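Written below as structure tokens is the structure these notes are about.
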Amino acid sequence: MTEESLFWSEAEVIQATGDFDQSHRISEGTFADVYRGQRHGMPLAFKKLRETACSSPGSVERYFQAEVQLCLRCCHPNILPLLGYCSGKQFHSLIYPYMTNGSLQDRLQSQGDLEPLPWPQRVSICSGLLCAVEHLHGLEIIHGNIKSSNVLLDQNFTPKLAHPMAHLCPVNQRSKYTMMKTHLFQASAAYLPEDFIRVGQLTKRVDIFSCGIVLAEILTGIPAVDNDRSPVYLKDLLLSEIPSSTSSLCSRKTGVEKAVAKEICQKYLEKRAGALPEHCAEALGTAICLCLRRRNASLEEARGSVALVEEWFRSQETSLPWSGFSEGTGASSNTPEETDDVDDGSLDAPSSVRTSPVPAENGEGRLQDTRGVEADSSEACTGPRAPEDATETSWEVEINEAKRKLMENILLYNEEQLDSAELFGP
């Protein structure tokens, strides 16, 4: 796809947006506002650059061209695609597909009385975000603006990372965040490590740290910034859980990350999403720690930790109840229960269900919540999927040899005798 094929005239943009009708404005940004519009019945999002956001001559044009080139380079299922652009005398605009389910931030805070995201969707979003950032870093691109409001969700709840601003913050120049309005700066600072705020040097670690905060929002349901809370920033709340005496934050050898992850889950785990097995919660907490550590923050290790949880959800073909970090006992309301009572080929839940922990049985299969949304909404960064095992209704769950071996490998991984590459390798 070329720049020429994406060009829109000013008249076309004005017609599609109702001349940027304020009632159609979706969000306000530092350097641009986003409006909803449509063309040929297709809903679209129009990003209109603010002409006064940058004071130097030609800065808006440079900003615009940089984002166009950046979007043209980045083709990935978890990165918001560019559908068009307009560079005119009156305004500059970038055109994207409209994301039906809004931003991750709004969904996590249940804006508009929305149902809380269930755990399978949350885990899939974590995975998609990490895959998107890993793709950018593979192209030597730093996003520089990762936050839950910039993770957009399509009709299938597939995450799409949007609004990069790396081109505003070159590695060897001071940060342009100082240009922001106070409340907008505060929102962005909530996702940034303190050394970046002090020095302004943009590196891949800044993106990884920001991912850790977004993952923490998903795991805990706690907003990244809240002026009525002490501390105001979620990052400070998380970092306060980490022993200050350790110089190698979340080192796998010392096991610090597992201890911190468990502490975070016990104190702050989101309750509205239902029950989550303890080992899954701790794996997500570990991914957060791996993103937040000062030295050698590892996106690959974090993605491997999240992949373990994805694999566990896929293994739940039998939909057994589990106990974990949750209020009350037993399975959550959005978790089907398997029993021995069979009536006309269907399984009905009895009055009481055994609630002992279920081993991490890793077969292949997908878990859907009661609203019918697939847990694995993104195919990016997933390994090959084995055929589903045919099973018959019986008085006990049968585990085939492949599943048994995978369960053993999971136990070895949890005991740090196996790394993620060996776990998911051939």
Given pairs Lys235/Lys258; Lys48/Lys147; Lys47/Lys271 and cut-off 26 Å on Cα-Cα distance, the over-length ones are Lys47/Lys271
Most exposed to least, judged by fewest other Cβ atoms within 10 Å, Lys262, Lys47, Lys89 sort to Lys89, Lys262, Lys47
Exposure proxy check on Met42, Met99: fewest-to-most Cβ neighbours within 10 Å is Met42, Met99
Final fewest-first order of Cys86, Cys126 on the 10 Å Cβ neighbour count is Cys86, Cys126
Protection proxy (average C-beta count within 10 Å per residue), highest first, orders 280-293, 62-75, 142-155, 25-38 as 280-293, 142-155, 25-38, 62-75
Per its Cα gyration tensor (rounded if a/c is under 1.5, else prolate when a/b beats b/c, else oblate), the range 1-98 is best filed as rounded
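Each value in this text was obtained by applying a stated rule to the coordinates, not by laboratory testing. Just so we're clear, the structure is a prediction, and the values are computed from it rather than from any experiment. Positions of Cβ are generated from backbone atoms using ideal geometry, with glycine treated the same way; all protein chains shown enter the neighbour counts.
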